[in-house]
Each structure stands twice: as structure tokens, then as C-alpha cells.
Amino acid sequence: MQSGYAHALDVRDWVRERVKSDEIDRYLAHGFDFIEDSFIQDTLRAHTALDKKRLRDILAKSLSIETLSPDETAALLNVHDDEEWEKMYEVAAKIKKKVYDNRIVTFAPLYTGSVCVNNCLYCGFRSDNKTIKRYLLAPEEVQRETEVLAGKIGHKRLIAVYGEHPLSDVNYIIDTLRAIYAVKIKTRNGYGQIRRVNVNAAPMDKADLCLLRKAGIGTYQVFQETYHRATYGGIHPAGTIKANYRWRLYCMHRAFEAGIDDVGIGVLFGLYDWRFEVMGLLCHARELEKRFGIGPHTVSFPRLEPALNTPYATNARYKVSDNDLKKLVTIIRLSIPYTGMIITARETAGVRDALVPLGCTQTDASSRIGIGAYSQEYSGQRAETQQFMLADTRTLDELILQFAKKGLIVSFCTAGYRCGRTGKKIMDLLRGGRERQFCKLNAILTFREWLDDFASDATREAGEHVIESECNEVKTRYPQSYATLMAYYERVKDGERDLYF
Ligand code: SAM
Ligand code: SF4
């Protein structure tokens, strides 16, 4: 196991010192949180009847890219009529097209280790699970993983995932980020590189979050898991850091204060009633908008997946069916219309393909979540090294081929974050539908790179059709950008990399 970090620290002392109560208390309003169970339950109960005119008004508000109120979202959550649902699916798809067009961004997860001091009942890495092999990658091993991801598969963005442990504290996270960004590796026609690393790690204090920002993270992602307090308390055993609901609930407040203006929130669906959780996500997004002027850059909605020796994950009472997943994706899209939505390889290929048009904007591919799995030679999955099991193990090449056949373009664009189009700026651009143009141009350039560097013959052929039609669209819709696009495009074809608008 990687060591050398926090060696002098006793784990128990470290755990005891993690939560800083003053970094919670200052966000409370007269001792209250911005999310109260009773408020959500009362709102859901109060909005059960929705007439056609009100439905039309709510959908028009969504379509104008305005965040819905809790009353409006509750009303949508209470719709039972199939025809009305069809209408909602239709508008969700329109919003997706309006804000994000036919693009889908891809990334890969990079699991850095399986060590964790917490004991979340649903997670394969919980500290009580003695059947999991514990390992933490050294930064050099993280670099080797990155070489495969950037040099062989062709990813440009990663989500680096960390357990909560003194061995994988903020110093370790920063060292691994450095190791990832340092990789630059020769490819067929240019070079491969990870240009954006998002981080999924436990809540931190403001000082650590400042360090993370300086290390160049993309999105800081933390899922509340469940917004329902009693459920939260039941699955995060007392005495662990994660048992503190508020420490987690306010971590995005601390992130904004630390200057990280690009945050991802989420719920682990299956822990509690999905309607309640959608309301929780909405309240969280509205609170961030109200306090910081910026909502979540992304919303994630993972469903519980089986994990080795983790009965809770398979027997959970509130498992969400495929049909309810479709509904909740639709309502998130309608309620927080500007936000990015991430669907992962936890879901089957069929579910992912069906949900992308309804609002998902990002997905992973060629994912391997065993620790060190990208640089190891084995096929299939190894439960004893994974947090949970994946349902879709399609390669990036396969995924891109299937998307291309449907006219979707996979974008590897990471420009926004590097040109300062983050936080409020990106929010306003997305709301005004103006981000489309930059994104379209950058999607074409980065897709060209990927086709030339990594595509199989079949995928390349399908991809060429997509590129041709995208270039034609730029010519007619954004004629002022066409000549520059073409100039950049030719340079990319000649092997230059990382050109962007
Ligand atoms: N340890 C950090 C934390 O909990 O905040 C972050 C990493 S954790 C590895 C990432 C996410 O995986 C968790 O927030 C949780 O939502 C999800 N997860 C845990 N167990 C899962 C399971 N059995 N199935 C699906 N997702 C799971
Ligand atoms: Fe640790 Fe995160 Fe798993 Fe909980 S979900 S046991 S905090 S890795």
C-alpha cells in the first residue's frame, strides 16, 4: 500500500479533527438548514392536482431555462397521467437539445484506492468489509493508469475518486492530480493528455478546498447520498465522519467560499423515496443559486449497485425501477434546466442509451473501477477490488460508434474551464443558449483529434459523417466562425493538439 502521507497521525485523531463545526454553523439560518424534511414532505403533499394549463405554464418556464420552484417540481412529481408524462419527456428532450444540442461529453473514472475510514452500509469500501482488498495507488501508479487512459483509450477528462482516509488526504489528492496532469503521451497522429480532472472526494474544510482549487481541479463532486435525515443517520454509522449530515450538506458552500465555482451534487438513488430526493436536489440547487449566484454544474443520480459482501446494496427498500429512473431524470432536467447531468456505467447500455436524449450530458466509457485496473491485464471485473459492480462495460470506441450512428457527437472539450468559462459565466451562457456555439466548435475539433488518434475503422467511418454534418451546420448557423474553425480543423488534422475557442 502507498504510504508516506500522514504517517505520524493516528487515524482516530485525524477522524476526530475533520469536522469543523464553525464551518457548518455559519451557514445555518437561525439554527435551521435550507433543507427540512417536513418542508419537502408538506410540499409534496400539497401539490397533487395539476391542471393542463398549469402543466403548460410550468413546462414553458423550464423551456425558458428557469429553475423551477419547489411547488412546481412537487406538482410534476405528482403527475400520474401517461399522456402528461409523454409531454414532459418531450419537453425534457427539447431542453437538452436547446442547451446542449446533440453533444455528449465523455470521461473515465480513476479510482485511486479502496481505503476508507467510513462505514457506509451500501459501499463495498466500508471499513467493516473484510473481504475487500485494500490498496492505495502511489502517484507513479496513478500516472501509469493515466497513460492508458490518455494514450490508449483517448480520454481527455477524468473523475478521480478517493476514499476518506489520512493516507488519501488533500496532500495525496494534490500529488495524484499532479501525476495525472504530467502525462503527455504519443498517439497515432498527435499526443494524448488529460486536460481536466474532476474530483469526487469526501467533504473538506475550506483550507483544504483552497489547496484543491490551486491544484487545478475541474468539478468538485460530492453526493449527499440521501437528503432524508433519518435514512442518512441509519446508513452512516455514528462515530464516523460521514455520519455528520450537515458537514456534507454544507461542503459546497465551503467550496464556493474557497473559490471553487464548479460543483457537482448528487443522490444515491435507492436509499429513500426518489420523489423526496429529487426535491432535495432542487432545494440544494436553489440554495446555491441564492447564496452564490451559481447552481450546480452537474447533478448525478447513481442507483445502488451490488457490491461484494454488502447486502444493503442489494436489499435496499427503495430501489428505483428503470421507469422511475426515466421519470426522475426528466424531472431533474425540467427543474434545473441549465445543469449538466451525468449518467454512469453503473447503468446498462440500454438504460443509458434511452436516457441520454432526455437530458444526460455526460457519460463514462471504457470504465474500470478496480484499483489499478486500467494498467492491469485482465478482462471482466474483480469484485474484491471494486466499490460496486458496473453494468455497462462498453469501450469508448463502441460507445462512440453507437452514438455516431444516432447523430450524436461525443465531445472531449475541456476549454470552458481553461478559458474561465466556469461558475456564473457558464451558467449565464447556458441559460442564454450562447454556450452552444463554443461547444459545437470545440466538440468538432476534439472529436477530430479522437478519430485520428484512437478510432477503429468502423467508428472512424461513422464519425466522419457526424463531423461533416456538424461542419455544415456551423457554416449555416455561425458563418462568422466558419473560416477560423476550418483553419483550426486543418491544423488538428496535421497533428496539432488542444486548439480551442
Ligand atoms: N468516499 C467519498 C464519499 O463518499 O464522498 C467519495 C467517493 S465514493 C467512492 C463515490 C460515490 O459512490 C458515493 O458518493 C456513492 O454515492 C457512490 N456509491 C457508493 N456505494 C455505491 C453502490 N453500492 N452502488 C452505486 N454507487 C455507490
Ligand atoms: Fe468510504 Fe465513500 Fe464508500 Fe462511504 S461511500 S465507505 S465514504 S468510499
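Remarks
- ILE180 being assigned to a helix (DSSP H, G or I), over 15 Å from ILE159 (Cβ atoms), away from ligand 2 (no atom under 16 Å from the Cβ) and at pLDDT 95 or above: no
- Only helices (runs of 4 or more DSSP H) whose full extent lies in the range 251-319 are considered here, and the ones with at least 3 residues that are modelled with pLDDT of 95 or more and under 24 Å from LEU355 (Cα atoms) are 274-292.
- Residue list for the range 60-90, filter: in a helix (DSSP H, G or I) and surrounded by 21 or more Cβ atoms within 10 Å (Cβ to Cβ): SER62, GLU72, THR73, ALA74, ALA75, LEU76, LEU77, MET88
- Being within 16 Å of ligand 2 (Cβ to nearest atom), in contact with a Gly (Cβ under 6 Å, 6 or more places away or on another chain) and under 30 Å from ALA316 (Cα atoms) holds for only one residue in LEU136, LEU110, LEU121, and it is LEU136.
- Selection from the range 107-120 of residues that are within 11 Å of ligand 1 (Cβ to nearest atom) and out of contact with any His (no Cβ under 8 Å at 6 or more places or on another chain): PRO109, TYR111, THR112, SER114
- Qualifying residue in the range 219-227 (condition: in a helix (DSSP H, G or I) and of a type outside the set (A, V, I, L, M, F, W, C)): no
- Within the range 391-501, helices (runs of 4 or more DSSP H) holding 2 or more residues that are surrounded by fewer than 20 Cβ atoms within 10 Å (Cβ to Cβ) and either in contact with a Lys or Arg (Cβ under 6 Å, 6 or more places away or on another chain) or of a type in the set (Gly, Ala, Ser) (or both): 457-477, 479-493
- Options ILE95, ILE65, ILE104: the member that is away from ligand 1 (no atom under 16 Å from the Cβ) and out of contact with any Lys or Arg (no Cβ under 9 Å at 6 or more places or on another chain): ILE104
- Pair list, Cβ under 6 Å, 6 or more apart: the range 367-389 residue more than 15 Å from ligand 2 (Cβ to nearest atom), other residue among the small types (Gly, Ala, Ser): SER367/ALA108; SER367/ALA345; ARG382/GLY370
- Index of the failed condition, LYS133 passing every other in (1) crowded, with 21+ Cβ neighbours inside 10 Å; (2) at pLDDT below 95; (3) over 19 Å from the mean Cα position of the chain (by Cα): (1)
- Filtering the range 347-367 to residues that are among the polar types (S, T, N, Q) and assigned to a loop (DSSP other than H, G, I, E, B) leaves THR348, THR361, SER366, SER367.
- Taken over the range 32-42, the criterion of being surrounded by fewer than 19 Cβ atoms within 10 Å (Cβ to Cβ) and part of a helix (DSSP H, G or I) is satisfied by ASP37, SER38, PHE39, GLN41, ASP42.
- Residue tally, condition of a type in the set (D, E, K, R), more than 10 Å from ligand 1 (Cβ to nearest atom) and over 19 Å from ILE342 (Cα atoms), over the range 147-168: 2
- Residues that are more than 16 Å from ligand 2 (Cβ to nearest atom) and in a loop (DSSP other than H, G, I, E, B), drawn from the range 139-170: GLY154, HIS155, LYS156
- Residues being farther than 24 Å from PRO311 by Cα and buried (at least 23 other Cβ atoms within 10 Å of the Cβ) - total across the range 264-284: 7
- Odd one out for ASP128, checked against (1) within 16 Å of ligand 2 (Cβ to nearest atom); (2) under 25 Å from the mean Cα position of the chain (by Cα): (2)
The values are calculated or read from the model by the stated rules, or taken from the named source; none is laboratory data. Predicted model only: the values in this text are computed from it and were never measured. Quick reminder, even Gly has a Cβ in these numbers, built from the backbone with ideal geometry, and neighbours come from all protein chains shown.
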